[in-house]
Each structure stands twice: as structure tokens, then as C-alpha cells.
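Step one of this worksheet: look at the structure below.
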Amino acid sequence: MKLERLLAIVVLLINRGRLQAKDLADMFEVSIRTIYRDIDTLGQAGIPVVTYQGASGGIGLAEGYRLDRNLLTDKDLVSIVTALRSISTSHTNTARELLVEKLSSIVPEARNEDFQASTHRFIVDYSTWTHPEALQQKLKVIDQGIDQLQCVHFAYCSAEGAQTYRTVEPHTLVLKRHAWYLYAFCHERNEFRMFKLVRMKEVTLDSQHFERKAVNLQDRPWQQEWSRPDNQTGITLKFQARVRHLAEEWFGIENVLPDGNGCYISQVAFPEDNWLYGFILGFGADVEVLEPLHIRDNLCRIAEQIVQNYKPSAQT
């Protein structure tokens, strides 16, 4: 465990620059004293760890230091290959497939059988059940735009059904739950937006090129935008006992509580849009919105419209 922690500390310092001892202690759930002992151990091993004093100080590495690629273990390679294969189930890429071959070739022949078995211990399949070809074509065009810093043009249908035409600077493809999104700077809105790929049509490369904008993607800005307090509506839901397991899947066991009358209550927060109403209606008669009242009223109106759709036509 100590050896793994030491290696992890070096990797963090290479990737993030200076870090506070307290931050490292919190990450690895050890004391600050243990971190300083680890730093001493790294120094004795010849790794150029530097301690900076002052308000902007911390622990860092001498500029230009890099790890030798031979430090990758078989377990490291298994993790990388498994991740690459998982991504490829939804987003095929020849370069990625070749990288898997390269990494597999590094493993000595005597250990190759065990290595291949380890890379198939679990499979994360992100592929869709239907129409994978259309998704692959969109991903291919967007990937090319990101790689060549070239704008992408497409028709976009919002969750409310409104269609617009957008020209965007593609920055990042995001796989969220089971759906692909594009995080891009939109010329029409003059800000970064998230676009769901299944709502995009006529996706083509534009003649314009762009310079990639500075944005901290590690903080997942699309998540912050979605979860803004002013973008959320608090909702109290009552579930019948027979769908308790579904409620727990969505909201977590700790957020599905018995109400004392055989049902279960969840208090959640979501942006109020068409997706929300479709999501609640997906539980059928096994869920009831207790609050807020306007969502109850809107659901009643939608349910009445659904009933009208299924009433027999009047005979003339």
C-alpha cells in the first residue's frame, strides 16, 4: 500500500504541480506526518521533490521531471486496456484499437494469457441497442472537428421541440449515463452549451477554424450548470411499495424513506422541463407528486391529454 501511495503521489505532483501536504493527506486518508515521511522516502530514492515555503508554497517536483514508462505494471496496463475497450463499445476509433494492440504487446509472452483474461474480467458496454451507425457517424465528424480545431454545424432539436441551427466550437465529448453529449462553445448563444447527440441532425464540419478556449474540464462545468440552485425545482414524490427498488436505483437507498403507511417518500431536485414530466410519468400510477402543486396540476393535464388520445373516435 505504501509503494502504491508513493507512486500515486509522484503522478499527482507531475500532473497538478504543487500540492499542499494536507490535501495529499486527505486524498490518501493518512496523517500529514505520514505524507512528510513519504516525501522523505521519495527524496532518498532520488526523486527530486521540492518543498516551497510561503502562502503559495506546497510540495512539488523539479521542473521537467517525468516518470519512466517502464514503471507501468501489468495491473496498470489491464486497467488502461479495459477502459479503452469499454469506450470503443460506443465510440469506435482505429487509433484507440491500435493502442490496445500496442499495450498488449508490451506484456511478456509468458504472462500474456493471464493478462488477456484479466482484461476481460468485466466489460462496460456503452453501445446502444438500436441505430449505432447514426451515432458513430456523428461521433466521427465531431471527433474530427475536435482534432482539427474545426467548427461543427448541425440542426438541433431542444427538449421542448424547438429546432435551431447551430455552429459550435467542439471541445469535449461527454458520455453521461447512457447518452453522448457535446460540450461546445456555441456561436449563436456566445457561451458554452451541452448538446445531446441524439437531438443533432445534419452534422457537418464547418469551414471555420477556432482556438481552443481555456476551460477547466476537470470540474465538469456541464454538471455545475445543470445543478445550479436556481435551475432546480424541489419535488416530493410518493412511491408505491412495488416500485421501491426503482426509486432506490434513481435516488439512492438513503433517499427513499417509508412514510408509515406502506409507501415511500423521496425528496429530490431536478430542472423543470419536458424531460422531468416524461420521467415522472414513466413510473405510471406507482408514483404521486405531493409537492409542488403546479407540477401536480401539469401532470394531471398531461394525463388527461393521454387519456383523450386513447378514447375511441366518435362514430358518424
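Separation of region 75-97 and region 276-316, taken as the distance between their Cα centroids, equals 43 angstrom.
Roughly speaking, what is the stretch gain from Q44 to R16, that is 0.36 nm per residue apart minus the C-alpha to C-alpha distance, in nm to one decimal? Before the final figure, lay out the partial values.
Values: separation 28, 0.36 × 28 = 10.08 nm, distance 2.21 nm.
Full extension from Q44 to R16 adds 7.9 nm.
Just check region 2-61 against the gyration tensor rule for me: Cα atoms, a ≥ b ≥ c as the square roots of the eigenvalues, rounded for a/c under 1.5, and otherwise prolate or oblate depending on whether a/b exceeds b/c. Rounded is the answer for region 2-61, as its axis ratio a/c remains below 1.5.
Using +1 on the beta carbon of Lys and Arg, -1 on that of Asp and Glu, and nothing else charged, what's the dipole of the chain about the Cα centre, debye to 20?
Details: 35 positive and 40 negative charges, 39 e Å.
That gives the chain a dipole magnitude of about 180 debye.
Only beta bridges with both residues in region 236-294 are counted; by DSSP, about 100 percent of them are antiparallel.
Distances between placed amide hydrogens fall under 5 Å for K176 paired with Y181, all partners being 5 or more residues away or on another chain. Among the listed pairs K2/K22; K22/K176; K2/K75; K75/K102, those with a Cα-Cα distance over 21 Å are K22/K176. Checking [x] 25.7, 94; [y] 22.4, 86; [z] 20.8, 75 against Rg and Dmax of the Cα atoms in Å calculated from these atoms, the matching label is [x].
Only Lys, Arg, Asp and Glu carry charge here, each on its Cβ (+1 for the first two, -1 for the last two); on that basis region 139-221 has a dipole of about 340 debye about its Cα centre. Considering only S104, S88, Q116, the residue lying farthest towards the positive end of the dipole of region 74-121 is S88, judged by Cα position with unit charges set on Cβ.
Only four residue types carry charge here, +1 at the Cβ of Lys and Arg and -1 at the Cβ of Asp and Glu. Report the dipole size of region 254-316 about the Cα centre in Debye, rounded to the nearest 20. Don't skip to the end; give the middle numbers.
On the way: 3 positive and 9 negative charges, 70 e Å.
Magnitude of the dipole: close to 340 debye.
Prolate is the label for region 74-121. Its Cα gyration tensor axes, ordered a ≥ b ≥ c, give a/c of at least 1.5 and a/b above b/c. Simple spin-label estimate for H294 and E160 gives 1.3 nm between the two label positions (7 Å along the Cα-to-Cβ direction from each Cα). Using a 1.4 Å probe on the protein heavy atoms only, what accessible surface does C263 show? Give it in Å² to the nearest 10. Accessible surface of C263 is approximately 20 Å².
The string of couplings for region 274-279 from the Karplus curve (6.51, -1.76, 1.60, θ = phi - 60°) is 4, 4, 4, 5, x, 4 Hz, one whole number per residue in order, with x for Gly and Pro. Assuming R0 = 45 Å, can you tell me the calculated FRET efficiency for the pair E272 and V30, based on Cβ-Cβ distance, to the nearest 0.05? About 0.55, to the nearest 0.05. Positive end of the charge dipole of region 133-256 (Lys, Arg +1 and Asp, Glu -1 on Cβ, about the Cα centre): tell me which of A159, A184, T236 has its Cα farthest that way. Going by the Cα projections, it comes out as T236. Neighbours of G262 by Cβ distance under 14 Å: Lys/Arg scored +1, Asp/Glu scored -1, total 0.
Apply the a/c threshold of 1.5 to the C-alpha gyration tensor of region 229-310 and tell me whether it is rounded, prolate or oblate.
Values: a/c = 1.89, a/b = 1.27, b/c = 1.49.
Oblate shape, in that a/c is at least 1.5 and b/c is the bigger or equal ratio.
The values are calculated or read from the model by the stated rules, or taken from the named source; none is laboratory data. Computed from a predicted model, the values in this text were never measured in an experiment. When we count neighbours, we look across all protein chains shown, and the Cβ atoms used for this are built from the backbone with ideal geometry, even at glycine. Heavy atoms of the whole protein, side chains included, go into the accessibility calculation; ligands, DNA and RNA do not. Shrake-Rupley method; radii C 1.70, N 1.55, O 1.52, S 1.80 Å.
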